[in-house]
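Beneath this line is the structure, given in structure tokens, with notes to follow.
The values are calculated or read from the model by the stated rules, or taken from the named source; none is laboratory data. Just so it is clear, the structure is predicted and the values come from calculations on it, not from any experiment. For neighbour counting, all protein chains shown are included, and Cβ atoms are generated from backbone atoms with ideal geometry for every residue, glycine included. Accessible surface is based on the protein model in full, side chains and every heavy atom, while ligands, DNA and RNA are left aside. Shrake-Rupley method; radii C 1.70, N 1.55, O 1.52, S 1.80 Å.
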Amino acid sequence: MKNFNKFFCLICLAGMPLIASALPSDANQPIRLLADRATYVEKTGVTTYSGNVTIEQGTLKIAADNLTVNLNPSNRSINSVVATGRPATLQQVVSQEKGLAKGQANRIDYNAVTGIVTLTGNAKLTQAGSSFAGNTIRYSLKLGDVEANAGGGQRVELVFPPNTEINQRGVR
């Protein structure tokens with residue numbers, strides 16, 4: 001029973017808010033994690049979820065085929081999370097001003113220490129009407145910086161919405 005309680009606590013811990021710059025209310029919301037299978041290795045601090053994995057907490061939603069959470073061995077806080085799928089998806093309201101950020105890729109890496117999300121393989125990130133697409137996209141949740149890289153003879157694609165203020169002034 002003692003090991004079950006540890007395992008249960010780690011499953012809950014793995015669903016803790018992954019994005020530090022998200023709405024503050026997200027951290028106070030219940031966590032719902034669904035998967036076909038969950039395993040935890042106490043020695044390494046690695047928790048693995050597989051089979052149609054979904055996590056929801058407030059505005060945060062992650063969907064993946066597999067999800068691996070690496071915990072800090074000393075305090076059991078989250079070091080990093082890796083989600084894989086066809087595609088793996090992530091979305092969250094970053095702030096009221098910035099709105100909903102959506103990402104998808106074959107692999108999504110989240111570094112909890114730096115606050116950087118790296119989308120790899122058919123990566124796409126959209127927020128506030130803008131989109132970035134490429135082989136690899138690095139997104140700093142703390143700073144809002146985005147870096148997109150192409151690969152395999154492809155090019156990076158950036159799409160920005162028209163500035164409606166300028167367009168409306170030009171019409172008058």
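The residues of region 53-64 that are modelled with pLDDT under 95, in a strand (DSSP E or B) and either within 17 Å of ARG107 (Cα to Cα) or in contact with a helix residue (DSSP H, G or I) (Cβ under 9 Å, 6 or more places away or on another chain) (or both), listed by number, are THR54, ILE55, GLN57, LEU60, LYS61, ILE62.
Looking only at region 91-111, residues that are surrounded by 16 or more Cβ atoms within 10 Å (Cβ to Cβ), in contact (Cβ under 8 Å) with a residue 40 or more places away in the chain and farther than 16 Å from GLU147 by Cα come to 3 in all. Scan region 133-152 for residues that are open to solvent by 40 Å² or more (accessible area, probe 1.4 Å) and under 24 Å from VAL93 (Cβ atoms) and jot them down. If the condition is that a residue be open to solvent by 40 Å² or more (accessible area, probe 1.4 Å) and under 24 Å from VAL93 (Cβ atoms), then ARG138, LYS142, LEU143, ASP145, VAL146, GLU147 are the ones that fit. On inspection, ALA88 passes the criterion of being under 10 Å from the mean Cα position of the chain (by Cα) and either closer than 19 Å to GLY58 by Cα or buried (at least 17 other Cβ atoms within 10 Å of the Cβ) (or both).
The requirement of being within 20 Å of GLN127 (Cβ to Cβ) and not in a strand (DSSP E or B) is fulfilled nowhere in region 31-44; no residue meets it.
Quick one: is THR114 part of a loop (DSSP other than H, G, I, E, B), under 30 Å from LEU34 (Cβ atoms) and open to solvent by less than 70 Å² (accessible area, probe 1.4 Å)? It is true that THR114 is part of a loop (DSSP other than H, G, I, E, B), under 30 Å from LEU34 (Cβ atoms) and open to solvent by less than 70 Å² (accessible area, probe 1.4 Å). For region 47-71, a residue qualifies if it is open to solvent by less than 40 Å² (accessible area, probe 1.4 Å) and more than 13 Å from THR84 (Cα to Cα), and the qualifying residues are THR47, ILE55, GLN57, GLY58, THR59, LEU60, LEU71.
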